[in-house]
1. Give the share of C-alpha pairs in each 10 angstrom bin for region 77-126, from 0 to the last occupied bin, in whole percents, shortest bins first.
2. Please order THR52, THR138, THR129 by the number of other Cβ within 10 Å, starting at the fewest.
3. Report the full-extension gain for the segment ARG171 to ASP75: residue separation times 0.36 nm, less the Cα-Cα distance, to one decimal in nm.
4. Around GLN44, under 15 Å between beta carbons, what's the net of Lys plus Arg minus Asp minus Glu among the other residues?
5. Under a cut-off of 13 Å between alpha-carbon atoms, report the aspartates and glutamates in cross-link reach of LYS66, not counting same-chain residues fewer than 8 places apart.
6. Using the Cβ atoms and a cut-off under 12 Å, what net charge is assigned to the surroundings of GLY55, where Lys and Arg are +1 and Asp and Glu are -1?
7. Quick one: net charge around LEU76, please, counting Lys, Arg +1 and Asp, Glu -1 for every other residue with C-beta under 15 Å from its C-beta.
8. Within straight cross-link reach of LYS110, meaning Cα distance under 18 Å, which aspartates and glutamates are found once same-chain residues fewer than 8 apart are removed?
Amino acid sequence: MAAFVWSRRQNEGCLAAACSVFVTIEMDGPMTARYDFALKGRRQLAEQYHFTASGLPNVYLRSGVKIERDADYGDLVAIDHLPDLVMAIAFTLVRKPEKLTGPEMRFLRKRMGATQADLGRKLWVSEQTVANYEKGKTDAGPCLIHADRALRFLFLAHVADDAGIAEELRREAAALMRPSQRDRRAPRAGPWLAAA
């Protein structure tokens with residue numbers, strides 16, 4: 001079990017914002033992590049809220065959630081400091097030692113505001129390859145391992161405050177992907193020839 005505190009830095013100094021988020025990671029079986037988030041200083045919920053709107057199947061909120069029952073519309077859910085929660089989830093994914101799952105890769109890509117085609121260009125793979133990564137249809141070979149690491153670098157570059165650091169992270173991502181590329185030579189001619 002690991003825990004850390006993520007807090008958004010204020011422009012004046014490094015004071016932790018009131019919206020700091022504690023993150024606890026617990027293993028719920030083989031290679032599937034459960035991510036629990038709670039707002040600092042808030043009372044715990046009687047029952048944790050399963051945050052499926054994140055697009056991830058394993059995110060639960062311990063506090064910072066208000067649920068109102070409405071006769072016409074059902075449950076109305078309000079989550080405090082939602083942008084900070086989303087960033088806490090993203091940083092948790094970037095820090096995790098295991099490879100990213102398909103939904104986790106999609107989560108980071110969407111936080112970067114990138115399409116599958118955009119990410120494919122940055123990773124030197126096709127849009128379809130990115131789609132396959134996100135659907136979990138690609139074997140965990142060297143290309144996927146490099147893409148996993150490169151995506152983490154690209155996300156950190158996207159949120160970096162310092163342009164120099166962001167550029168260095170982008171260069172690292174590109175360097176990771178270049179050696180893992182498929183052979184891009186012209187295809188070999190087979191036994192069939194075009195009829196004249």
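1. So the P(r) values, bin by bin, are 23, 46, 26, 5.
2. THR52, THR138, THR129
3. Extra length available between ARG171 and ASP75 comes to 30.0 nm.
4. Neighbourhood net charge equals +2.
5. Within reach: GLU47, ASP75, ASP80.
6. +2
7. After counting each charged neighbour, the total is -3.
8. ASP84, ASP118, GLU127, GLU134, ASP148
No value in this document is a laboratory result; all are computed from the given coordinates. It should be emphasised that the depicted structure is a prediction, and the values quoted were computed from it without experimental measurement. Glycine gets a Cβ as well: all are built from the backbone with ideal geometry, and neighbour counts include every protein chain shown.
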